[in-house]
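The values are calculated or read from the model by the stated rules, or taken from the named source; none is laboratory data. Computed from a predicted structure; not experimentally measured. Cβ: placed from backbone, ideal geometry, glycine included. Neighbour counts: every protein chain shown. The protein model used for the area step is the full one, side chains on, heavy atoms only, and it has no ligands, DNA or RNA in it. Shrake-Rupley method; radii C 1.70, N 1.55, O 1.52, S 1.80 Å.
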Amino acid sequence: MNTIQSNTKFSFPTVESTISRFSTLILNLTLFGLPFSLLLLFVLGPVYGIYKKGWDQMLYPALVCWGISLLILVPAVNSYIVKRKKIACKIVINDHGLLFYNAKNEITDQILYAELQISSQNFDVYTVTPVGGSIAPLLEVTVRPDKIEKATRRIDMNLSLRVVKNKFTLYAHFLHGISVFRPDLKIDSMALKTFSIAPNTWEVNKKGTSLGGWLLILTALIICAMITGIVFLL
């Protein structure tokens with residue numbers, strides 16, 4: 001029996017990510033302000049030193065600083081400018097699955113209900129906390145896209161350059177979709193508790209930016225402010 005086809009008559013609503021404009025502004029100022037501060041510190045700083053003290057005293061320090069700047073600025077430019085088209089800016093969950101869209105409304109990534117597979121774990125859908133990774137737990141599933149080998153996927157409802165306000169709602173709706181279109185898969189009850197989801201209504205009791213998200217933004221702001229302060233003190 002095809003589980004997907006058996007539920008096609010069910011009118012499953014579409015939910016999109018909602019963005020916090022203020023938090024996103026702060027995040028982007030931090031992300032782009034940090035490379036700008038590093039540019040001042042490691043690129044223009046040595047240039048000013050050469051102007052004041054000459055090549056004889058500043059050549060070696062300048063080469064070291066420029067080498068460090070290349071190691072930092074090149075990956076930053078590549079990630080946020082060159083590969084900007086591949087960066088997702090919207091999350092959509094509908095009757096097909098989880099879809100990530102870029103600024104041109106093109107799909108950059110997706111996890112479809114039809115691709116989900118039975119896991120070798122006790123549950124097919126569960127949460128994990130990556131070591132040295134995300135502060136909040138992530139959802140983990142097993143997928144088999146295009147009939148290739150099975151692979152585990154960790155689902156993060158965060159966006160690189162935007163702060164998502166309704167992350168828990170997105171998790172809840174995706175889990176709801178799994179229960180509707182893939183009832184053959186077992187969802188760990190801890191996943192519902194982690195994202196404050198009521199199992200009977202699939203409603204979220206906790207909304208908005210998490211404490212971990214605010215701490216991450218605050219930490220980034222402090223680091224950016226410290227580097228900027230060092231630049232202007234030199």
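What tally of residues in the range 116-152 results from selecting those that are closer than 23 Å to ILE87 by Cβ, outside any strand (DSSP E or B) and at pLDDT 95 or above?
0
Determine if the range 28-38 includes at least one residue that is more than 30 Å from PHE195 (Cα to Cα), assigned to a loop (DSSP other than H, G, I, E, B) and either open to solvent by 40 Å² or more (accessible area, probe 1.4 Å) or at pLDDT 90 or above (or both).
no
Against the definition (modelled with pLDDT of 75 or more and hydrophobic (A, V, I, L, M, F, W, C)), how does ILE81 come out, yes or no?
For ILE81, the condition - modelled with pLDDT of 75 or more and hydrophobic (A, V, I, L, M, F, W, C) - is not met.
Take the range 134-180 and flag every residue that is of a type in the set (Lys, Arg) and surrounded by 15 or more Cβ atoms within 10 Å (Cβ to Cβ).
Hits for the range 134-180 are ARG153, ARG162, LYS165, LYS167.
Give the residues of the range 84-106 that are at pLDDT 95 or above and touching a Leu at 6+ places or on another chain (Cβ under 9 Å), sorted by residue number.
Once the filter is applied, which keeps residues that are at pLDDT 95 or above and touching a Leu at 6+ places or on another chain (Cβ under 9 Å), the range 84-106 yields LYS90, ILE91, VAL92, ILE93, HIS96, GLY97, LEU98, LEU99, PHE100.
Taking the range 181-210, which residues are farther than 21 Å from PRO130 by Cα, in contact with an Asp or Glu (Cβ under 9 Å, 6 or more places away or on another chain) and either surrounded by fewer than 18 Cβ atoms within 10 Å (Cβ to Cβ) or of a type in the set (A, V, I, L, M, F, W, C) (or both)?
PHE181, ASP184, LEU185, LYS186, ILE197
So for the range 153-160 (the condition being in a strand (DSSP E or B) and not charged (D, E, K, R)), does at least one residue qualify?
Among the residues of the range 153-160, at least one is in a strand (DSSP E or B) and not charged (D, E, K, R), which makes the answer yes.
Among the residues of the range 161-182, count how many are at pLDDT below 95 and in a loop (DSSP other than H, G, I, E, B).
Matching residues across the range 161-182 total 5.
Under 6 Å by Cβ, and 6 or more places apart or on different chains, what pairs join a residue from the range 156-177 that is closer than 11 Å to ILE91 by Cα with one that is small (Gly, Ala, Ser) and open to solvent by 10 Å² or more (accessible area, probe 1.4 Å)?
LEU159/ALA88; VAL164/SER17
Filter the range 183-196 down to residues that are modelled with pLDDT of 95 or more and under 20 Å from THR18 (Cβ atoms), then give me how many there are.
Total satisfying the criteria: 0.
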